[in-house]
Every structure is written in structure tokens, then in C-alpha cells.
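Working notes, beginning with the structure itself.
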Amino acid sequence: MERLLQVVNTFATVTQGSGLHIYAIIATVLLLISLVGFIYYCVKGGNLIIGLFITATFWFLLGVTYSLWSASVNSQIESFKDAWNIFAGNLNLVFSDGPINYGTTTTVIIFASWFGRVIVDTGIAKALIKKVVELSGDMQLVTVIVLSIVTALLFTSIFGPGSVMAIGAIILPILLTIGVNKKVAVGSFLMAVAAGMYVNKGFSIQFSTNPFFEQIWSIPGFASDFTVFTWLAFLVHVVFMIGFIVFNMYFAKDKIKSWAMADDGMEKEVKGISFIVPFIPAIISLTIAIINMFLPANVQPTATSPGVINQITDVAAITSFVIGIILGLALTGNLKTYKKAIETSQKTLFNGISDVALLIGMLLVLNMFSTAASKLAAPIFQTALGDSLNGLANNPIWIVVAFAILAPLALFRGPFMVWGSGIALVTVMSTFIPATTPLLLVLFYVQPVAIVAQSCPTQSWGMWALSYAKYEPNTFIKTNIPWAWAICAINIFLAYFILM
């Protein structure tokens, strides 16, 4: 082993940096080929967890080889122990530290999903939706619009595929029974779910703890600007959602007939005061953001000054969900007895975790890939490409324009879907876009919401809704994607002008 190490060190010394540069070029080609293969695999409907793990392993092997070679060139390897420490350190970095560093995100997602299950399983969601329908009377258009707005507001706090499907199982039968065609029923429901996601902390936390995006959250004032952006994006989305409903109910030529569906007849007694519970996390976050808009920014501490805190501290996502969970259980009578409290809290927690188990698994493996990409593959790209792409970052508006025009490429977990094959594109772009600027977030935050969540049949709740309503996927895509495209383009530009 020591003899082999001597040969490697001798080769590295003789070739100096030229051999390493040639390897970087070859490795870059292989990385890009694997990227194309991963995109093709995703588009064909391959299992995302398996695809991410295989790609992460391949990128790790290329990256750790580069790390060992680079260390040898710089005379940092004198024995097998040194080589092993570099290899094992990178191995742990990718396959252990990567998932562990996603612990905060995982916890927030679990509590968000638990909160969603409390809203659904205690009957709050169903009672609220039924009340909206009653107040709308016989006006079909008003019923659909108001129901969609309420659903959008619900999903500013509720999170998890299971909660989406559970609420969809309440809303879709109501819409179909009152004669709303499938195109409007399914389309408006999925658009409403997507609208709430901009603001939903269960979604945004996935960015704030990701290696490619986490640094920007420490920029003074960024968190407040981001909150303003998410609510404006929500409003833009809702306006287009209303336009979608009106157009397809009154102006579309190819209306698809609905079918009646009987209600399950199961009702739970719910007090009107409990209707505020689904909106508690959003109310807390928005109230604090509005107050901070009128307060001076915090003064950061320096070597000579301790700094000044002028703004009020936001309530953590988990804390707001815990408040909502407790109030949701209390206001529906599920805390009256110890036995009832234990049964309901355990059942809703179990259902909540079950709803997001696969999502969490995907995100943990995704963070393995993100770590391999940002820590091991990025230096390879930088060595191979040098400064050749740096000019692109000097004209970010053109990148934004390109992303707005090509937004539908996020469909089927394509290259613009960051929680899919798009994570590889983020890796390449991170080599010339500084991690301390919000540009990467601007480019990749909107598509999972505006394109995938409401227009892609591969999204879990989208697939469920199409199957539930017996709605043809191709018709669904053709109907929803023009509206989704417009929403995505506007909100990408909105993000650029607010956050950059």
C-alpha cells in the first residue's frame, strides 16, 4: 500500500497541476453525462430516491478522487493514514453529515404535517369548507372562488401530501356534486394548494437549510424581504387562480362534465372559533413581518460595538405549529380527558409522519447529493471551467429571463425542478453564482410551486386528484400549464426585483 502511495505521489509531482486539470475536464464530462442520465431517468418516472443515491455515489467517487489527487499534488499525503483520513472524511461528509444537517428541515416538515393532520382529523377542515359552501349559497362561481381562496389560505400552514389528499377528498366531491366540471374542480384545487406553498414554512425550510441556499439567510433584512415576496407571490397566484376559474367556467369551449358523488355523511361537532386554527402559523409570521417593516434594521455587532436589536424576533416554525396543534386539539374537545388527548395526539402524529415519510427519505438522500455536489463536485467544475462562465453572473437579468421562458422544463422532475434533476443544474450554476447572493433562490424557488405542484401529474397529490376525478393527464397539463407558466414567470421576476 505504501509502495502504491509512493507511485501516486511521484506521478502527481511529475504532472504537477496539468494532470489534475485534465482529470477535472474528464470528470466534468462524466458528471454532465450522469446529469443528463439522471434527468432522463426522472422524466421517465424512475424512483427519485434510488436515482439520487446512485448519482450521489457516482459524484462522490469522482469528487473524492479529485480531493486525493489535489492533496497529493500539494504534498498533503505522506502515508496511507493521510489518504484514508481524506477518503473517510469525505465519505462521512456526504453520507452522514449531509442527512444529519437536514435534521432541522426534517423536524419542521414533521411538525407541519402533524399540524395538517390535526386540522383534517379533528374535523376543522371539513367544517370550515362546508361553512364556506353554505355561505356561498347557490352561486356556483362564488362557491368555487371562495372555496379555492380558503384552501389556498389553509395551505399557507398545512403541509404534507396526506393532508392535501385528505382535504381534496372533502373539496372535490363538493365541487363535482354541485355541477362544477372536472377541469375547474381539479385545476382550481391544485392551484389553491400550490398558492399556499410560497408562504408555507414546511416548504421554505427546505431551501434555508440546503447547502446551496443557506448562506443568504444571514444577509441583513433578507428574511423580511423574503416574507414580503412570498405573500406577494401568493397574491399573484390567487389572482391567476380566479382568472383560471372564471375562464374555464364561462369561456372555455371544451368543458368536461362532472359527475355527482354522495357525501360520506360523517360529521364532527366543531365550534366556529376553531376555524382560526389553520391560519395561526401564517398569522403569526405575517404579523411579525409587517411590524418589522416599520422598524429600523438590526445593527450587526462589530469588534467595537455589541450591535443593536431594533426588530422583534420571529416565532420559530415549529413553535407556531405546536401552538396550532395544541389549540386545534383543545378547541375541538380532544383534550377534555387524558385518554382522549393521548389517542388523538398519537393518531394525528402517526398519520402526519406517515404522510411525509417518503418525502423525508427523498430529502435526506437529496442532501447526500447536494453535499457531494457542493463540497466535492463543485471544485472539479471550477477547475475545469475556470472563469469561463463568470460573465453570466454579471448579467443576471438574462438568466432570469431564460428561466422564465423555459419554466415548463420543471415538469416531470426536469432540470428546472430543484427537488429533482434540477439539483444537478444548481450545482453547475453554483460555480459562477456566489452563494452569498439570492440569485439561485430567485431562479429555483418558484418552479416547484407554480409549475410542479399544480400542473405536473407526477406530483403525488396531482396524480391522486386526476385518479380521483377520472381526469385525463394530458388534458390536465394542457389546461393548467399556460396559467402556471404565466404565474411562474411573473413570480420569478417578482423575486428578482424584491430579493436581488
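The values are calculated or read from the model by the stated rules, or taken from the named source; none is laboratory data. All values derive from a computational prediction rather than experimental measurement. Cβ atoms come from the backbone with ideal geometry, glycine included; neighbour counts cover every protein chain shown.
I'd like to know if the stretch 429-438 contains one or more residues that are in the same structural domain as residue 187 (by TED's automatic domain parsing), under 17 Å from the mean Cα position of the chain (by Cα) and within 20 Å of residue 223 (Cβ to Cβ).
Yes.
If you go through the stretch 136-146 one residue at a time, do you hit one that is charged (D, E, K, R) and in a helix (DSSP H, G or I)?
No, there is no match, as no residue in the stretch 136-146 is charged (D, E, K, R) and in a helix (DSSP H, G or I).
Conditions tested, residue by residue: (1) assigned to a helix (DSSP H, G or I); (2) among the hydroxyl-bearing types (Ser, Thr, Tyr); (3) under 24 Å from residue 367 (Cβ atoms).
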residue: 159; (1), (2), (3): no, no, yes
residue: 169; (1), (2), (3): yes, no, no
residue: 187; (1), (2), (3): yes, no, no
residue: 196; (1), (2), (3): yes, no, no
residue: 211; (1), (2), (3): no, no, yes
residue: 216; (1), (2), (3): yes, no, yes
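Just one of 51, 63 is within 21 Å of the chain's Cα centre (by Cα), modelled with pLDDT of 80 or more and either aliphatic (A, V, I, L, M) or assigned to a helix (DSSP H, G or I) (or both); which is it?
When all the criteria are applied, what remains is 51.
If residue 142 satisfies every condition in (1) closer than 30 Å to residue 28 by Cα; (2) surrounded by fewer than 20 Cβ atoms within 10 Å (Cβ to Cβ) but one, which is the exception?
Looking at each condition in turn, residue 142 falls short on (1).
Identify, from the list 125, 83, 88, the residue that is assigned to a helix (DSSP H, G or I), out of contact with any strand residue (DSSP E or B) (no Cβ under 9 Å at 6 or more places or on another chain) and buried (at least 22 other Cβ atoms within 10 Å of the Cβ).
Only one candidate passes the filter, namely 125.
Only one of (1) crowded, with 17+ Cβ neighbours inside 10 Å; (2) polar (S, T, N, Q); (3) not in a helix (DSSP H, G or I) is not met by residue 151, so which one is it?
Condition (3) is where residue 151 drops out.
I'd like to know if the stretch 320-343 contains one or more residues that are free of Cβ contacts under 8 Å to residues at least 40 places away in the same chain and within 20 Å of the chain's Cα centre (by Cα).
no
Does residue 376 qualify as being over 28 Å from residue 285 (Cβ atoms), out of contact with any Pro (no Cβ under 6 Å at 6 or more places or on another chain), part of a helix (DSSP H, G or I) and among the aliphatic types (A, V, I, L, M)?
For residue 376, the condition - over 28 Å from residue 285 (Cβ atoms), out of contact with any Pro (no Cβ under 6 Å at 6 or more places or on another chain), part of a helix (DSSP H, G or I) and among the aliphatic types (A, V, I, L, M) - is met.
Condition first: over 15 Å from the mean Cα position of the chain (by Cα) and either surrounded by fewer than 17 Cβ atoms within 10 Å (Cβ to Cβ) or acidic (Asp, Glu) (or both). Now tell me which residues in the stretch 439-463 satisfy that.
Hit for the stretch 439-463 is 463, nothing else.
Consider residue 251 carefully, then state whether it is under 27 Å from the mean Cα position of the chain (by Cα) and either within 30 Å of residue 183 (Cα to Cα) or at pLDDT 75 or above (or both).
The answer is no for residue 251.
Go through (1) surrounded by fewer than 17 Cβ atoms within 10 Å (Cβ to Cβ); (2) not in a helix (DSSP H, G or I) for residue 77 and report which single condition fails.
(1)
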